[in-house]
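Chemist: Dumping the structure here so I can ask a few things about it.
A short reminder: the numbers here are calculations on the coordinates, not readings from a lab. Bear in mind the structure is a predicted one, so any value in this text is a computation, not a measurement. Methodologically, a virtual Cβ is constructed for each residue, glycine included, from the backbone with ideal geometry; neighbour enumeration extends over all protein chains shown.
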Amino acid sequence: MFKSGQFVADALGDLRESQVQPNGVDLTLGAIYEQVEPGRIGRESKTVGDRREVESDDGIYRLDKGGYIIEYADRVVIPEGHIGFLLPRSSLLRNSCMLDTAVWDAGYEGRGEGLLEVHHPIELEAGARIAQLVLADAAHKGTYEGSYQGENLE
Ligand SMILES: O=c1ccn([C@H]2C[C@H](O)[C@@H](COP(=O)(O)OP(=O)(O)OP(=O)(O)O)O2)c(=O)[nH]1
């Protein structure tokens, strides 16, 4: 069963009222990066390629077509007994952009990242709501202990 937005908000804490939706919580834009070096995914290990931060103009990002790494501004916590799914805000789709996301594991905590596809130039403001996190009950064996645990939390 999927949880209410208030449940998700209580798990994350420290959110603006406007981020709490009926069925989930909106995550906001933290930083934007452009990848500049290749990464690698092997059978036993992986590396993430170097990136450079995209400069904003007083908090406004003007993005041309391309693929960008997004860092969310909000600290996400996935409680035990749950799985998280993140979906793009539909206004992104309506503006020819897409946010690609993956599974959020039980026990994960951090400021996660996603891939923003820009198919038509767009302006995004730092702190704008760009995606919605929903939580569902889930059985799991162990909790997340991968290399992204605690990322971007300092
Ligand atoms: O769109 C997403 C989806 C998930 N995560 C976070 C939460 C998740 O628990 C963690 C790890 O994701 P995943 O397990 O897919 O990463 P991996 O590539 O398999 O790395 P690892 O082996 O370290 O788990 O990254 C994101 O930041 N963005």
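Chemist: Compute the Cα gyration tensor for the range 1-81, then decide on rounded, prolate or oblate, letting a ≥ b ≥ c be the square roots of its eigenvalues: rounded whenever a/c is under 1.5, prolate when a/b is larger than b/c in the other cases, and oblate in all that remain. Don't skip to the end; give the middle numbers.
Modeler: Working: a/c = 2.98, a/b = 1.40, b/c = 2.12.
Cα axes put the range 1-81 in the oblate bin.
Chemist: Could you list the GluC sites (Glu not before Pro) in the range 23-101 that lie in coil according to DSSP, counting only those with at most 15 other Cβ atoms within 10 Å of their Cβ?
Modeler: For GluC sites (Glu not before Pro) across the range 23-101 that sit outside H, G, I, E and B with at most 15 neighbouring Cβ atoms in 10 Å, the list reads E44, E55, E80.
Chemist: Taking K141 as the anchor, which lysines have their alpha carbon closer than 23 Å to its alpha carbon, excluding any fewer than eight residues away along the same chain?
Modeler: K3, K46
Chemist: While we're on this one: Taking the Cβ of G150 as the center, what net charge do the other residues with Cβ under 12 Å away carry, scoring Lys and Arg +1 and Asp and Glu -1?
Modeler: On the way: positive: R75, R111; negative: E109, E145, E151, E154.
Taking every Cβ under 12 Å from that of G150, the sum is -2.
Chemist: Got a sec to turn the phi values of the range 96-103 into Karplus ³J(HN,Hα) couplings, 6.51 cos²θ - 1.76 cosθ + 1.60 with θ = phi - 60°, whole Hz, x for Gly and Pro?
Modeler: 6, 10, 9, 10, 9, 9, 10, 6
Chemist: For D58, what charge total do you get from the other residues with a beta carbon under 14 Å from its beta carbon, if Lys and Arg give +1 and Asp and Glu give -1? Mind showing how you got there, number by number?
Modeler: Details: positive: R62; negative: E55, D57, E123, E125.
Summing Lys/Arg as +1 and Asp/Glu as -1 gives -3.
Chemist: Take the alpha-carbon centre of the range 94-135, take the same for the range 16-76, and report the distance between them in whole Å.
Modeler: Comparing the Cα centres of the range 94-135 and the range 16-76, I get a distance of 7 Å.
Chemist: If you project the alpha carbons of the chain onto their three principal axes, what span does each projection cover, largest first, in Å?
Modeler: The principal-axis extents, from largest down, are 41, 40, 28 Å.
Chemist: Another one. Could you pull out the trypsin sites (Lys or Arg not before Pro) across the range 57-121 that fall in loop regions by DSSP (anything but H, G, I, E, B) with no more than 10 other Cβ atoms inside 10 Å?
Modeler: On the way: sites: R62, K65, R75, R89, R94, R111; in loops: K65, R75, R89, R94, R111.
Answer by residue number: R94.
Chemist: In addition: Local charge sum around S18 (other residues, Cβ-Cβ under 14 Å, Lys/Arg +1, Asp/Glu -1)? Show your work: numbers first, answer last.
Modeler: Numbers: positive: R16, R89, R129; negative: D14, E17, D26, D74, E125.
With Lys, Arg at +1 and Asp, Glu at -1, the net is -2.
Chemist: Enumerate by residue number the chymotrypsin sites (Phe, Trp or Tyr not before Pro) in the range 18-83 meeting two conditions: DSSP loop (anything except H, G, I, E, B), and at most 10 other Cβ atoms within 10 Å of the site's Cβ.
Modeler: Values: sites: Y33, Y61, Y68, Y72; in loops: none.
Here no chymotrypsin sites (Phe, Trp or Tyr not before Pro) fit, given the DSSP loop and packing criteria.
Chemist: Something else now. Per residue of the range 111-126, in order, report the coupling 6.51 cos²θ - 1.76 cosθ + 1.60 (Karplus, θ = phi - 60°) as ³J(HN,Hα) in whole Hz, putting x for Gly and Pro.
Modeler: 9, x, 9, x, 9, 9, 9, 10, 9, 8, x, 8, 9, 10, 9, 3
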